[in-house]
Amino acid sequence: MNLRPRHYVLLAVVIGLFIFNIIRHRRDQRNLTSTSTAPAPVITTPRLNTPAWAAFDHAAALRDDPPATFAPALHDLQQLLPLDPNQQDGHIQDINGCLTWLEFYRQGAQPIHPNPTMKDHAIRHLDDCVKFHKDTGN
């Protein structure tokens, strides 16, 4: 089989694309590991044990369950939060922030979510919310 000049050009393009993809993949992996190693937040206040945080812990424990199981826990949590933002102290605002991340997690668990890293960010944030009972602000 005789190779013509156009075959050599095509081989060079294919090999160039292969090398480009390898370099891009390694760069993306390096960027991913450098951004995912953020230091853990330092929380100096004691962990609160209030009915609202207990309801949050219950909802967070059911975060991977089907909607029929998760929805009642989420409803119970929402009933414990005041509707008027002027009545909220810092702890209720923390629960609201953690509740937002819980909702992000539920959306990120869907396979059609446009941002595949959203679930990882939400997992890290929710674990901190449960551990410290404080919105970590990540």
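The values are calculated or read from the model by the stated rules, or taken from the named source; none is laboratory data. What you see is a predicted model, and the numbers here were worked out from it, not measured in a lab. Ideal geometry is used to build each Cβ from the backbone, glycine not excepted, and the neighbour counts take in all protein chains shown.
Numbers for the structure displayed
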{"item": "Meets criteria (surrounded by 11 or more Cβ atoms within 10 Å (Cβ to Cβ), modelled with pLDDT under 70 and under 24 Å from ASP135 (Cα atoms)) for ILE95", "result": "no"}
{"item": "Tabulated pairs, segment 122-136, first in contact (Cβ under 8 Å) with a residue 40 or more places away in the chain, second crowded, with 16+ Cβ neighbours inside 10 Å and among the hydroxyl-bearing types (Ser, Thr, Tyr), C-beta under 6 angstrom, 6+ apart or interchain", "result": "LEU126/TYR105; ASP128/THR136"}
{"item": "Given (1) surrounded by 19 or more Cβ atoms within 10 Å (Cβ to Cβ); (2) under 15 Å from ASP64 (Cα atoms); (3) at pLDDT below 85, number of the condition LEU126 does not satisfy", "result": "(3)"}
{"item": "So LYS134, is it surrounded by 13 or more Cβ atoms within 10 Å (Cβ to Cβ), out of contact with any strand residue (DSSP E or B) (no Cβ under 6 Å at 6 or more places or on another chain), modelled with pLDDT of 65 or more and not in a helix (DSSP H, G or I)", "result": "yes"}
{"item": "Helices (runs of 4 or more DSSP H) contained entirely in segment 1-91, each with at least 3 residues that are at pLDDT 85 or above and of a type in the set (D, E, K, R)", "result": "5-35"}
